[in-house]
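**Student:** After the structure tokens below, expect a handful of questions from me.
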């Protein structure tokens, strides 16, 4: 299992390393690349995942509710911590709330529990993504209007994908394949630009990064526990929720921090060190899940 986790996570750090190496000798337009990713590739990925109907979403309502509590509750749980330590709330809380359920969560769940876990992984990813582009953006810029947030390409893609899924609308295979290919660009591009940004990171913030690496999974696991006790989730969904709750910060936090100029260097440190910490956290969580016999 450790080998499986490493085989999933090492590409994350290798791609970011390629970005750092390239950025050391060139000066790529990070702002332009991030805008392209947010307005084109990410929305295509979200729509493709939903529209191909791999996840019968109506069967995962309780799991979606639990994931919502984990994401939003993490901000509430860690708010006093941020206040006591005098941390910038806009810098610290979003990376603690919005986790890496896409480019790390989906592959880890499928590797650990097989293809049967794919629907649950997709539902968790969609919940986190929708919350990130609504609540998360509001946290960074409260003056962004609701209409403007609804007009974001990723929100429109999510609404369209959900409509196709719930409506049972058949999609041409050639169109889905095209969207999947273009959407697949977003994950490595996220990691590549993160690597470039890491060249500007002030490692004097390493203490903040370590705090985030501990607080992010800890808050998620604390909140997942009562939700599992309250909701009657099937065993595979329980296992998926535990893994989701322990995920590190999403790379997307850095992209939004860059877009809104919310101390992107500090957010990059939080994201990178949190993902490094998951090399220790994820094998422990997976071992406990298997030991509990959920799958």
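The values are calculated or read from the model by the stated rules, or taken from the named source; none is laboratory data. In this text, all values refer to a predicted model and were calculated from it rather than measured experimentally. Note that each Cβ is placed from the backbone with ideal geometry, even for glycine, and that neighbours are counted across all protein chains shown.
**Student:** Can you go through 198, 282, 227 and tell me which one is modelled with pLDDT under 85 and more than 20 Å from residue 81 (Cβ to Cβ)?
**Tutor:** Testing whether each residue is modelled with pLDDT under 85 and more than 20 Å from residue 81 (Cβ to Cβ) leaves just 198.
**Student:** Can you name the residue in region 151-163 that is surrounded by fewer than 17 Cβ atoms within 10 Å (Cβ to Cβ) and at pLDDT 85 or above and, of all such residues, is farthest from residue 39 (Cα to Cα)?
**Tutor:** Per the criteria, the residue is 163.
**Student:** Does region 69-91 include one or more residues that are assigned to a loop (DSSP other than H, G, I, E, B), in contact with a strand residue (DSSP E or B) (Cβ under 8 Å, 6 or more places away or on another chain), modelled with pLDDT of 95 or more and closer than 19 Å to residue 285 by Cβ?
**Tutor:** Within region 69-91, not a single residue is assigned to a loop (DSSP other than H, G, I, E, B), in contact with a strand residue (DSSP E or B) (Cβ under 8 Å, 6 or more places away or on another chain), modelled with pLDDT of 95 or more and closer than 19 Å to residue 285 by Cβ.
**Student:** Among (1) under 22 Å from residue 278 (Cα atoms); (2) out of contact with any strand residue (DSSP E or B) (no Cβ under 7 Å at 6 or more places or on another chain); (3) surrounded by 23 or more Cβ atoms within 10 Å (Cβ to Cβ), where does residue 99 come up short?
**Tutor:** Of the numbered conditions (1) under 22 Å from residue 278 (Cα atoms); (2) out of contact with any strand residue (DSSP E or B) (no Cβ under 7 Å at 6 or more places or on another chain); (3) surrounded by 23 or more Cβ atoms within 10 Å (Cβ to Cβ), the odd one out for residue 99 is (2).
**Student:** Just to check your reading of the model, which residue among 40, 10, 21, 6 is over 12 Å from residue 192 (Cβ atoms), at pLDDT 90 or above and assigned to a helix (DSSP H, G or I)?
**Tutor:** The conditions single out 40.
**Student:** Here's a follow-up. Which residue, of 115, 128, is crowded, with 20+ Cβ neighbours inside 10 Å and closer than 20 Å to residue 51 by Cβ?
**Tutor:** After ruling out the rest, the residue left standing is 128.
**Student:** Name the single residue that is surrounded by the most Cβ atoms within 10 Å (Cβ to Cβ) among those in region 204-244 being touching a strand residue (DSSP E or B) at 6+ places or on another chain (Cβ under 9 Å) and closer than 15 Å to residue 268 by Cβ.
**Tutor:** 216
**Student:** Kindly provide the set of residues from region 217-260 that are within 29 Å of residue 32 (Cα to Cα), within 13 Å of the chain's Cα centre (by Cα) and part of a helix (DSSP H, G or I), ordered by number.
**Tutor:** 251, 252, 253, 254, 255, 256
**Student:** Go through 247, 255 for me and flag whichever is within 20 Å of residue 96 (Cβ to Cβ), crowded, with 16+ Cβ neighbours inside 10 Å and at pLDDT below 90.
**Tutor:** Only one candidate passes the filter, namely 255.
**Student:** Also: Can you list the helices (runs of 4 or more DSSP H) lying wholly within region 96-194 that have 3 or more residues being touching a helix residue (DSSP H, G or I) at 6+ places or on another chain (Cβ under 7 Å) and touching a residue at least 24 places away in the same chain (Cβ under 8 Å)?
**Tutor:** Answer list for region 96-194: 106-113, 118-131, 137-140, 153-167, 173-183.
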